[in-house]
1. Scan around Gly12 for amide H atoms under 5 Å from its own, H built in the peptide plane at 1.01 Å from N, and keep only partners 5 or more places away or cross-chain.
2. Find how much the distance from Arg23 to Gln142 grows on full extension, using 0.36 nm per residue of separation minus their present alpha carbon separation; answer in nm with one decimal.
3. Fully extended, how many nm does the chain gain between Glu191 and Ala312 (0.36 nm per residue separation, minus their Cα-Cα distance)?
4. Just in the stretch 228-326: which GluC sites (Glu not before Pro) are loop by DSSP and have at most 13 other Cβ atoms within 10 Å?
5. Just want to confirm a number: the relative contact order over the chain, from Cα pairs under 8 angstrom separated by 6+ residues, in percent.
6. Provide the net charge surrounding Ala106, with neighbours chosen by a C-beta distance below 10 Å and charges set as Lys +1, Arg +1, Asp -1, Glu -1.
7. Rounded to the nearest 20 debye, what is the charge dipole size of the stretch 227-320 about its Cα centre when +1 sits on each Lys and Arg Cβ and -1 on each Asp and Glu Cβ?
8. To the nearest 0.05, how large is the calculated FRET efficiency for Trp287 and Glu117 if R₀ is 22 Å and r is the Cβ-Cβ distance?
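Every read-out reported here was derived from the displayed coordinates using simple, explicitly stated rules and does not represent laboratory data. Since we're looking at a predicted model, the values are computed, not measured. Every residue, glycine among them, receives a Cβ derived from its backbone with ideal geometry; neighbour counts consider all protein chains shown.
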Amino acid sequence: MPTPVPVTVLTGFLGAGKTTLLRYMLQAEHGLKLAVIENEFSDAGIDTELLGDEPVQVVTLANGCVCCSIHTDLTKALFLLLERLDSGEIAFDRLVIECTGLADPAPVAQTFFMEEELRDRYVLDGIVTLVDAAHAGEHLKQTIAQAQVGFADRLLVSKTDLVTPEAFEALSKRLARINNRASIRVVDHGEIDLAELLDIRGFNLNAELGAGFRPRPMVIGKSSDRITSMVLRTDMPLDIDRLSDFMNTLLEEHGRQLLRYKGVLSIAGDPRRLVFQGVLKLYGFDWDTAWEEGEARESVMVFIADDLPEEAIREAFKRMQACEGR
């Protein structure tokens, strides 16, 4: 079986600089063979003369990168790329998918979990969202823009030269309130160290909650954003059956609101960490390494979601916790 191709999903609101970033990725001297899938509704084409109006048009660029314009279902384009890769017609070792400015990244992410053959041949590495610092105030009034931030493993802020340091700081705090798992980086006219975008391993099922993780900032008053982060913590061991009931109820009642979620859990009676993560109603659990002797065994669950009843969920989480001594 060939090594799965890592996939980066690039999203962000109109004018945030996705296409400028893509051009940089395709032209930079990185030694990688990138394939880029671009939607026909993109705000500006990578090269409108190269990419025609066929349902799926694939062009190999001079540096070996592959450009793919789709006017059809994403799944068909992914299979077509695999066919051409396997036949030797094209070559690439990484794939970048650009979402349209108004697109919800959830269906794109779910594509790589729902098709068995795609799961075997591609691995979703991370979701990268561009945020336009100069227009973020207007963009983030729309729930879809907040959702794009919420889904992200990396947040790239563009046009910071057009705002004051105070405005950038305020925006960074707002982004952290929406998504406190994603690292925030500045992108300068599409240029950034590609190490920030590749090998994120944002969907790996392991005990790493991410370098960008930090406790949720304290906010005075109610946030105007519908998408926010919620962190649940406890140093008490969790009962595995109660945990299962808690998660099943949460997904049944609020699965469509849970954009991204991940947890590292201490389970009563087991020396290993239990890790889980999911997108909407698709999630998985697995056992990870054992807790070190003398290490504080703390369970942490991070949910990035749309308008959750936070207090009710916190109360359910308290009720779910295992009693001491179990």
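1. Leu130
2. In short, 40.1 nm is gained.
3. 39.2 nm
4. Here the sparse-neighbourhood loop sites are Glu292, Glu293, Glu295, Glu298, Glu324.
5. 17
6. Result for the neighbourhood of Ala106: +1.
7. Numbers: 12 positive and 18 negative charges, 40 e Å.
That gives the stretch 227-320 a dipole magnitude of about 200 debye.
8. Once the sixth-power term is evaluated, E becomes 0.20.
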